[in-house]
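Note sheet for the following structure.
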Amino acid sequence: MTRRDFAVSLCAAPLAAAGTRPNMLLLLSDDHSYPYVGCYGHPDMRTPTLDKLASEGLLFHRAFQAAPQCVPSRTALMTGRSPVSARMGRFSSPLPPEAVTLPDLLRKNGYFTGVARRNYHLDGPGGGARGGYVGTVIEEKGLRTFAKRLDFVDQSGPGTTVDVVNQFLDKLPKGKPFFFWINFNDPHHPWDRNSIDPPRDPAKVTLPKFFPDLPGMRKDFALYLDEISRVDGEVKSILDILDKRGLASNTMVAFMGDNGMALPHGKGSLYDPGLNVPLMVRWPGKVKPGGSTRSLVSGEDIAPTFLDAAGIAKAPGMSGRSFLKLLAGDSSYEPRKHIFGARLQHGSGTMTPETKSSVWDLSRCVRSDRFKLIYNVTPFMEYQPVDSARDDGWQQMMKAHAEGRLDAKIDRAYFQNPRPIYELFDLEKDPNEFENLAGKPELADVERELRKALIEKCVLDYDFIPPPVLN
Ligand SMILES: [Ca+2]
């Protein structure tokens, strides 16, 4: 053992030591894209709680969920594998009974486990009107298993957070560490008009360059940002409880978005605003305050990392990898070369001749630090943003497109039909993902490396799509 290795082992050892197992709090905002938290430097954001949380831990710039939608992304968080590999390609699927999840393993190893607030999305739709016959079959066959995997299950609405956190902690058996997963409603649709006081002025928001400057886009985006400010207040109410009960010093707190914003280019698409989410981890005494990292991490890595922090081995089949060493500032951590994303069925819509990509779309992507390859298996599906097609922004974009008023780059990004099967972007030169470089001879090696990585992922995950072609 070299001097450096010895120093590293000394540094890393206490993280997984028995007897000091941390409590774990996973806070998940819904449809929250990077970089919409104040600590990322966005000029319009007011998020004092999250900014402080980040300053007390490690802030991630490149955390990517495994899917741009609630059900499959949460599947990856809880199973440590892709939603394809976990057989969760249908939005209405319940998690297969044999799936091994993070709370299963923590509970088996002595943790008190809970999930609270907005639907955790892993037990399929409700029965009756909401789930139709699909829900009936799931119910009759006893396929709702997620709730049975935890000690405490709550699915209450906004306004109940303080009560449910106190209820959970009141039930915590003495001497047991806890794992508690809290799901927020914000900033998911519907967007309230007065979620904060005062609301933002739409005329003053800084629009991303992938949106056309239309009044409806400004209005929708301002409402969206307001809900992020509201979730900041909800996080404060939870962290205050940890402080009051003296739990903060032995609790690892992770705040993360479940997928990107439900606006064009975001939720439902494999562009960065669909997959890249805020992530920050505070763990007093273990994670050095004030750090930030641009290392790629995947939603698949959350379960292996939490398990590692508790000194528990990940389950066979978990393709995610622990980034505990990255949290600990251990220089022997080897960063990921790639993250992967899968777009799958969305929502409760069905197939009709008019069905658009918002309901049914199959695409996959692989992203390195600099380049992204998107592979559209269903290029003929006309693009429609998930959850925001009826909002003023998209309605005005469609009108502007029909009247030839959109900027050419924006027009092509949203209205090209059929869409390209392969899209390659240089995110350093083109962070908006406008310029498709697939097939360019000067990037042939880059594209080949990404296609190979995607083929390997397809094989290892037993993906059902035809793998990309390797030229
Ligand atoms: Ca979501």
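Would you tally the residues in segment 287-320 being among the polar types (S, T, N, Q) and under 27 Å from Val459 (Cα atoms)? It would help to see each step written out before you state the result.
Within segment 287-320, the first condition is being among the polar types (S, T, N, Q), and the residues that meet it are 292-293, 295, 298, 305, 319.
When the remaining residues are screened for being under 27 Å from Val459 (Cα atoms), the result is 295, 298, 305, 319.
Looking only at that region, the number is 4.
Just to be sure I understand the filter: pairs with C-beta atoms under 7 Å, separated by 6 or more residues or on different chains, first member in segment 148-160 and outside any loop (DSSP other than H, G, I, E, B), second member charged (D, E, K, R) and surrounded by 17 or more Cβ atoms within 10 Å (Cβ to Cβ). Which pairs pass?
The qualifying pairs are Arg149/Asp104.
Looking at segment 273-288 only, could you name the residues that are within 16 Å of the ligand (Cβ to nearest atom) and not aliphatic (A, V, I, L, M)?
Taking segment 273-288 first, the residues within 16 Å of the ligand (Cβ to nearest atom) are 273-279.
Passing the criteria: Pro273, Gly274, Asn276, Pro278.
Please list, ordered by first then second residue, the pairs with beta carbon atoms under 7 Å, 6 or more apart or interchain, first in segment 116-132 and under 24 Å from Thr101 (Cα atoms) and part of a helix (DSSP H, G or I), second of a type in the set (Phe, Trp, Tyr) and at pLDDT 80 or above.
Here the result reads none, with nothing in segment 116-132 linked to a residue that is of a type in the set (Phe, Trp, Tyr) and at pLDDT 80 or above.
Of all residues in segment 369-387 being among the polar types (S, T, N, Q) and either at pLDDT below 95 or touching a Lys or Arg at 6+ places or on another chain (Cβ under 6 Å) (or both), which is farthest from Phe91 (Cα to Cα)?
Asn376
Within segment 51-60, can one find any residue that is in the same structural domain as His265 (by TED's automatic domain parsing), buried (at least 19 other Cβ atoms within 10 Å of the Cβ) and polar (S, T, N, Q)?
Scanning segment 51-60, I find no residue that is in the same structural domain as His265 (by TED's automatic domain parsing), buried (at least 19 other Cβ atoms within 10 Å of the Cβ) and polar (S, T, N, Q), so the answer is no.
In segment 252-272, what count of residues is obtained for those that are within 13 Å of the ligand (Cβ to nearest atom) and either buried (at least 24 other Cβ atoms within 10 Å of the Cβ) or part of a helix (DSSP H, G or I) (or both)? Steps first, please.
Pass one, segment 252-272, residues within 13 Å of the ligand (Cβ to nearest atom): 256-263, 266-268.
Restricting the remaining residues to those that are either buried (at least 24 other Cβ atoms within 10 Å of the Cβ) or part of a helix (DSSP H, G or I) (or both) gives 257-263, 266-268.
The qualifying residues number 10.
Would you check if Gly135 is within 25 Å of the chain's Cα centre (by Cα), assigned by TED's automatic domain parsing to the domain that holds Thr79, in a helix (DSSP H, G or I) and under 24 Å from Ser348 (Cα atoms)?
no
Could you list, in sequence order, the residues of segment 354-374 that are of a type outside the set (A, V, I, L, M, F, W, C), over 18 Å from Lys429 (Cβ atoms) and not in a strand (DSSP E or B)?
Narrowing segment 354-374 to residues of a type outside the set (A, V, I, L, M, F, W, C): 354-358, 361, 363-364, 367-370, 372.
Among the residues that remain, those that are also over 18 Å from Lys429 (Cβ atoms) are: 354-358, 361, 363-364.
Correct list: Glu354, Thr355, Lys356, Ser357, Ser358, Asp361.
Could you please find all residues in segment 28-77 being in contact with a Pro (Cβ under 8 Å, 6 or more places away or on another chain), within 16 Å of the ligand (Cβ to nearest atom) and assigned to a helix (DSSP H, G or I)?
Across segment 28-77, the qualifying residues are Val71, Pro72, Ser73, Thr75, Ala76.
Given (1) within 16 Å of the ligand (Cβ to nearest atom); (2) on the phi > 0 side of the Ramachandran plot; (3) surrounded by fewer than 24 Cβ atoms within 10 Å (Cβ to Cβ), identify the lone condition not met by Gly246.
If we test Gly246 against (1) within 16 Å of the ligand (Cβ to nearest atom); (2) on the phi > 0 side of the Ramachandran plot; (3) surrounded by fewer than 24 Cβ atoms within 10 Å (Cβ to Cβ), just (1) comes out false.
List every residue pair whose Cβ atoms lie under 8 Å apart, where the two residues are 6 or more positions apart in sequence or sit on different chains, the first residue falls within segment 239-262 and is closer than 12 Å to Asp30 by Cβ, and the second residue, located anywhere, is within 11 Å of the ligand (Cβ to nearest atom) and among the hydroxyl-bearing types (Ser, Thr, Tyr).
Met256/Ser29; Gly257/Ser29; Gly257/Ser33; Asp258/Ser29; Asp258/Ser73; Asn259/Ser73; Gly260/Ser33; Met261/Ser33
The values are calculated or read from the model by the stated rules, or taken from the named source; none is laboratory data. If you're wondering where the values come from, they're calculated on a predicted model, not measured in any experiment. Backbone-built Cβ (ideal geometry, glycine too); neighbour counts: all protein chains shown.
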